[in-house]
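Notes follow once the structure below has been shown.
FYI, it's all coordinate maths here, none of it is from the lab. Because the structure is predicted, anything quoted here is derived from the model rather than measured. Glycine also receives a Cβ, built like all others from the backbone with ideal geometry; neighbour counts cover every protein chain displayed.
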Amino acid sequence: MSNESLKPFRNIETPGYVGFANLPNQVHRKSVKKGFEFTLMVVGESGLGKSTLVNTLFLADLYPERIVPDAIEKTHQIVKLDASTVEIEERGVKLRLTVVDTPGFGDAIDNTDSFRSIIQYIDDQFERFLRDESGLNRRNIVDNRIHCCFYFISPFGHGLKPLDIEFMKQLHNKVNIVPVIAKADVLTKKEMLRLKKRVLEEIESNGIKIYPLPDCDSDEDEEYKEQVRQLRESVPFAVCGANTLLEVRGRKVRGRLYPWGVVEVENPDHCDFIKLRTMLITHMQDLQEVTQEVHYENYRSERLAKGAPVPKRQTPSVFEEKPPTGDKDRILQEKEAELRRMQEMLAKMEAQMQQQQH
Ligand code: GDP
């Protein structure tokens, strides 16, 4: 990733500006002309502020017709996944952003269904991509795979709930998980630090793999290295959301008005909202690459291991316009060869079994 593509926090703090106009530096020009596609999933109990945060992040109302169910409805609720797509344009750069919301998660008494439908949704997108990739029209594939999942953690508990642990464990091999502490404004600085520490310890002791921010190249400039260091230090990001513009000392800010003052969403001293947005924007391409090279490949291998026929891949379609990137390309080719070998072995075993049956 080139240095110009990365803007330090202060440059993207401007309200009313999301900051993805620098994406052309991250992606190949062709993808930029077509528009940049990204799918974000938000998961967490309802009421934690997911929809508010998504709207704050992209300065758009993604859920204009949302109906919040009452408690009785919730008890029997089956998790329903809503995908909303918005096209945002900044300085001529188009971002086709899909946000998949999972309303009702954790509301029902039995959460087995929540897991099942979310996992099924992710797998369905992989399956669709797999089919499209081996089809004739693969140049025009719409990539609906989930590139990132914000997992919302309640600020009211003392750490992760068993449901959080269970869910993240089931998902970490399928999607890039970014843990987020919701409604940061309800905690004092000390409480926040304690909760962050606890959450990180629990993530580690339960062997949960969250999205790792990639290491910086040694030739990156110091400013960028510092930015990545700060982002790393802030995980799990403690965020607030607000869709109202308030006036504070003559400035218009996005914030939450309380009797004792205003919580400014975009003030780094108040919460990690800017850091979360910076992380997302500056790592969009990496999140896509990890989805392609790790999670999607896992899905393909698993499908192969189950003996299901995997359509033959032509070339990696999403990244085919990009020049070879050394190591990553080699690893991909090796994986391809390994998959082909496994496929041949399975075919041989099947033939042998059929012979034995006759
Ligand atoms: P969702 O069900 O997770 O999508 O939650 P919503 O976005 O609908 O928010 C639920 C309630 O929490 C609403 O009353 C919001 O105004 C409020 N809310 C949203 N974000 C925040 C926040 O950052 N802090 C606080 N204190 N409340 C919030």
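Just need the relative contact order of the range 140-272 here, percent rounded to a whole number, with Cα pairs under 8 Å and 6+ apart.
After rounding, I find 23 percent.
Amide H to amide H, which residues 5 or more places from Glu266 or on other chains are under 5 Å from it, using H placed in the peptide plane?
Counting only residues 5 or more places away or on other chains, the set is Arg254.
Based on alpha-carbon positions alone, could you give the equivalent ellipsoid semi-axes of the range 217-301 from the gyration tensor, as √(5λ), descending, whole Å?
In descending order, the three semi-axes are 33, 17, 10 Å.
Lys/Arg Cβ at +1, Asp/Glu Cβ at -1, dipole of the range 218-292 taken about the Cα centre: which of Pro236, Val290, Val263 is farthest positive-ward?
Value: Val263.
State, to one decimal in nm, how far the label point of Ile119 lies from the label point of Thr188, with both points 7 Å from Cα in the Cβ direction.
In this crude spin-label approximation the distance works out to 4.2 nm.
At a Förster radius of 30 Å, what calculated FRET efficiency corresponds to the Cβ-Cβ distance of Lys169 and Glu344, to the nearest 0.05?
According to the calculation, E is roughly 0.35.
What is the distance, in nm, between label points placed 7 Å from the Cα along the Cα-to-Cβ direction at Asp82 and at Lys161?
Roughly 2.0 nm, to one decimal.
Based on the mean of other beta carbon atoms within 10 Å per residue, what is the order of 287-297, 246-256, most packed first?
Descending mean neighbour count gives 287-297, 246-256.
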